[in-house]
Amino acid sequence: MEIGLGLPNTVAGTEGSVLLDWATEGERAGFSTLASLDRLVYDNYECLTTLAAAAAVTERVRLTTAIMIGPVRADTAVMAKQAATVDRLSGGRLVLGLAVGARPDDFTANGTEHAGRGKRMNAQLDEMRSIWAGERRGFAGGIGPAPSRDGGPELILGGHSPGAIARAARVGDGWISGSGGPGMFRSGAAAVRKAWEAAGRTDKPRLVALSYFALGDSAEELADSYINHYYGFAPPYAQLVLNNTAKGDEAVRNTITAFEEAGCDELILAPCSADLEQLKLLTALVTQR
């Protein structure tokens with residue numbers, strides 16, 4: 001199982017220079033990917049822009065949106081162009097993780113509808129594929145740049161509903177589980193494999209998961225503060241995420257083992273603090289595996 005690193009782009013108050021430090025140190029440490037989370041109504045950096053900045057200071061590591069909220073972006077053509085731009089600027093390193101999103105305020109803030117977002121994302125995916133294939137859209141031709149690979153960037157789709165699972169099997173290269181722990185991942189991955197087979201696909205889905213971590217003497221406090229602030233819109237879910245956040249060295253090791261045994265291909269460990277000491281402590285743990 002590969003171990004990826006979440007960038008602290010959703011940790012409120014993080015300086016831009018600190019994000020770049022996480023990117024350069026994360027690649028140097030050998031993590032498989034640098035991942036960004038997404039939200040509109042929050043003190044966070046936009047996910048694709050964050051990865052564009054990370055691309056400029058790295059050379060080899062994957063760059064993953066884990067996940068980007070598709071339907072909150074009303075202009076699909078612009079979204080497709082932005083994704084292809086990051087993909088090309090990074091030399092084909094972009095992995096586009098997409099899901100429908102859950103927070104109503106992210107949608108009302110820019111006038112998009114929260115209801116029907118699953119159907120809208122299905123349409124978005126079809127339109128992006130057409131754009132990335134070079135479909136003519138005007139006098140000058142298609143909407144460029146062309147992505148680095150035929151068909152567009154690698155697509156990792158999230159969500160646990162039947163519709164989300166079917167969507168991943170229809171057009172995705174893989175599936176990503178949210179931050180609800182190894183049990184949530186295991187059940188979702190089983191559903192994805194079944195849907196993949198039902199869709200007649202002969203390839204295997206790449207199965208990815210995200211899990212939060214906090215290390216050091218203040219691990220409990222860091223996790224509690226960040227998770228309850230970030231997921232405060234839904235207290236029961238915040239508690240679920242907090243219960244499955246790896247707090248301390250042993251918990252991180254156990255989390256890695258649990259996801260590996262559950263059949264996860266890549267586990268993205270996302271920080272509860274932007275302090276670079278968190279990355280140093282995590283690197284020490286991961287390199288001991």
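No value in this document is a laboratory result; all are computed from the given coordinates. Small disclaimer: the values here were computed from a predicted structure and weren't measured. Counting neighbours? That spans all protein chains shown, and the Cβs are built from the backbone with ideal geometry, glycine included.
In table form, for the structure just shown:
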| quantity | calculated |
| --- | --- |
| The chain: DSSP helices with Cα axial extent of at least 15 Å and average Kyte-Doolittle hydropathy no lower than -1.0 | 16-29, 76-89, 182-198, 219-230, 249-261, 276-287 |
| Near-label residues of segment 244-280 by backbone N, under 20 Å of a point 7 Å along Cα→Cβ of Thr49 | 274 |
| Antiparallel DSSP beta bridges within the chain, as percent of all bridges there, nearest 5 | 5 percent |
| Sum of -39500 (n - 2.57) over DSSP H runs of 4+, divided by residues of the chain (222 nm, nearest 500) | -14000 deg cm²/dmol |
| Pairwise centroid distance, computed over Cα atoms, of segment 1-58 with segment 143-177, Å | 21 Å |
| Value of relative contact order over the chain, rounded to a whole percent, pairs C-alpha under 8 Å and six or more apart | 18 percent |
| Where N is the number of residues in segment 137-289, Cα Rg divided by 2.2 N^0.38 Å | 1.23 |
| Highest to lowest packing among 15-21, 174-180, 149-155, 63-69, scored as the average C-beta count within 10 Å | 63-69, 174-180, 149-155, 15-21 |
| Footprinting exposure proxy for His229, His160 (fewest neighbouring C-beta atoms within 10 Å first) | His229, His160 |
| Cα gyration tensor shape of segment 21-168, rounded if a/c is under 1.5, else prolate or oblate by comparing a/b with b/c | oblate |
| Cubic angstrom per residue, convex hull over Cα atoms of the chain | 125 Å³ |
| Within a Gaussian network of the chain (alpha carbon springs, distance under 10 Å), most fluctuating of Ser161, Ser130, Ser32 | Ser161 |
